[in-house]
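Remarks on the structure that follows.
The values are calculated or read from the model by the stated rules, or taken from the named source; none is laboratory data. None of these values were measured; they are calculated from a predicted model. Here the Cβ positions follow ideal geometry from the backbone for every residue, glycine too, while neighbour counts run over all protein chains shown. Calculation scope for accessible area: heavy atoms of the full protein, side chains included, ligands and nucleic acids excluded. Shrake-Rupley method; radii C 1.70, N 1.55, O 1.52, S 1.80 Å.
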Amino acid sequence: MIIKTKKLISSSEITPPEIFQERRKFIRMLGLTMVGANIPSAFASEDKISLANIFRNTALDNSLKSTPAELVQNYTNYYEFTFNKDDSTKLAQSMVIDPWSVEISGEVEKPQVYHLEDILSKQTLEERIYRFRCVEGWSMVVPWVGFSLSNLLKIAQPLSTAQFVKFTTIQQPETMPNQRDKKMLEFPYVEGLRIDEAMHPLTLLAVGMYGETLPKQNGAPLRLVVPWKYGFKSIKAIVKIELLKKPPLTTWNKSAPQEYGFYANVNPSVPHPRWSQNSERLLGSGFFTPRRQTELFNGYGEQIASLYQDMDLRHFF
Ligand code: MTE
């Protein structure tokens, strides 16, 4: 699939007037990156982010109405900090995210530790407005800023033996209370994809949302976004990417295999053992607004259904 992009002229239609905590650091980091790469800086000044060098993906449904940023940024799942959706906004601010590097290893020609600045200096950032569906039955629409994961993997040159990709979140127990207390889940948080899923152009590594840096509670400085899968696959604060011959054991699959499958593709006709997946509550929709009918592959079937043509969709979760 070819992803067409068009230059994004104005952010006003998608950027609500909230204050974004990480703005300055993100601007500094990307500004340095662009200057270093001898490309005109994307940012006019430290105070105002310019989207001049971010492209909007026009192969996607851009008529989607973004969920208000303050809802997306204050209703988060970040179990390293808390099991409560409201509290990570505050708790995650203690995370140390600068400097940041990502180790790519395993079945690749060029295993290496990449500094985030170096990764970004080779990427054209794109805005992609994606639906995001949590297995708990809520959903949102987010204008992410990032680049295709495949762009990064290609730099490391995957070998033909690479069949799966394992992602690992940072281990930072000094700032992440549930890593210290070893509560409920085993940390670090681990997720995985099949190599063809990872190389698909829709699979995004996000560094921003709403035209600004990613807030810490949403996975700064670098997270995965796989729009056709349930939200738990979209791992936050990635520090390690390993290409493997065999499927990795992922955090939720290990913790409750009967509830959280490796694939976890959005599918309204395969219920979770505790919840129907037939419909969803769109964050921000009014109390009397009917739930939205969930779509197979979260509405991205046209782009990705061919990845699963040999699988019986009734039997995997
Ligand atoms: N990544 C890490 N490291 N830790 C987490 O607890 N939660 C997952 C996923 N990525 C999680 C994570 C779940 S369950 C969901 S639904 C999404 O992040 C939520 O993303 P959001 O908080 O930005 O909405």
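Here are the numbers for the structure shown:
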| item | result |
| --- | --- |
| Options Leu149, Leu224: the member that is farther than 16 Å from Asn77 by Cβ and open to solvent by less than 10 Å² (accessible area, probe 1.4 Å) | Leu149 |
| Every residue from region 229-257 that is open to solvent by less than 40 Å² (accessible area, probe 1.4 Å), away from the ligand (no atom under 12 Å from the Cβ) and in contact with a strand residue (DSSP E or B) (Cβ under 6 Å, 6 or more places away or on another chain) | Ile241, Glu242, Leu243, Pro248 |
| The one condition in (1) within 9 Å of the ligand (Cβ to nearest atom); (2) in contact with a helix residue (DSSP H, G or I) (Cβ under 9 Å, 6 or more places away or on another chain) that Arg223 fails to fulfil | (2) |
| Single match in Tyr308, Tyr260, Tyr300 (criterion: under 24 Å from Ser88 (Cβ atoms), open to solvent by less than 70 Å² (accessible area, probe 1.4 Å) and touching a residue at least 12 places away in the same chain (Cβ under 8 Å)) | Tyr260 |
| Boolean, Gly208 is more than 11 Å from the chain's Cα centre (by Cα) and open to solvent by less than 10 Å² (accessible area, probe 1.4 Å) | no |
| Options Pro273, Pro268, Pro248: the member that is modelled with pLDDT under 95 and not hydrophobic (A, V, I, L, M, F, W, C) | Pro273 |
| Given (1) away from the ligand (no atom under 12 Å from the Cβ); (2) open to solvent by 20 Å² or more (accessible area, probe 1.4 Å), number of the condition Tyr75 does not satisfy | (1) |
| Test: residue in region 273-282 that is open to solvent by 20 Å² or more (accessible area, probe 1.4 Å), over 30 Å from His115 (Cβ atoms) and in contact with a Leu (Cβ under 6 Å, 6 or more places away or on another chain) | no |
| Number of positions in region 181-205 that are modelled with pLDDT of 95 or more and not in a loop (DSSP other than H, G, I, E, B) | 12 |
| Per-region count, region 98-118, residues of a type in the set (A, V, I, L, M, F, W, C), closer than 25 Å to Leu214 by Cα and open to solvent by less than 60 Å² (accessible area, probe 1.4 Å) | 4 |
| Qualifying residue in region 82-101 (condition: in contact with a strand residue (DSSP E or B) (Cβ under 9 Å, 6 or more places away or on another chain) and among the charged types (D, E, K, R)) | no |
| Checking Ile129 against (1) under 18 Å from the mean Cα position of the chain (by Cα); (2) of a type in the set (A, V, I, L, M, F, W, C); (3) within 12 Å of the ligand (Cβ to nearest atom), the condition it does not meet | (3) |
| Filter pass, Glu280 being of a type in the set (Asp, Glu), touching a residue at least 60 places away in the same chain (Cβ under 8 Å) and outside any loop (DSSP other than H, G, I, E, B) | yes |
| Residues within region 82-104 that are charged (D, E, K, R) and within 18 Å of the chain's Cα centre (by Cα), tallied | 2 |
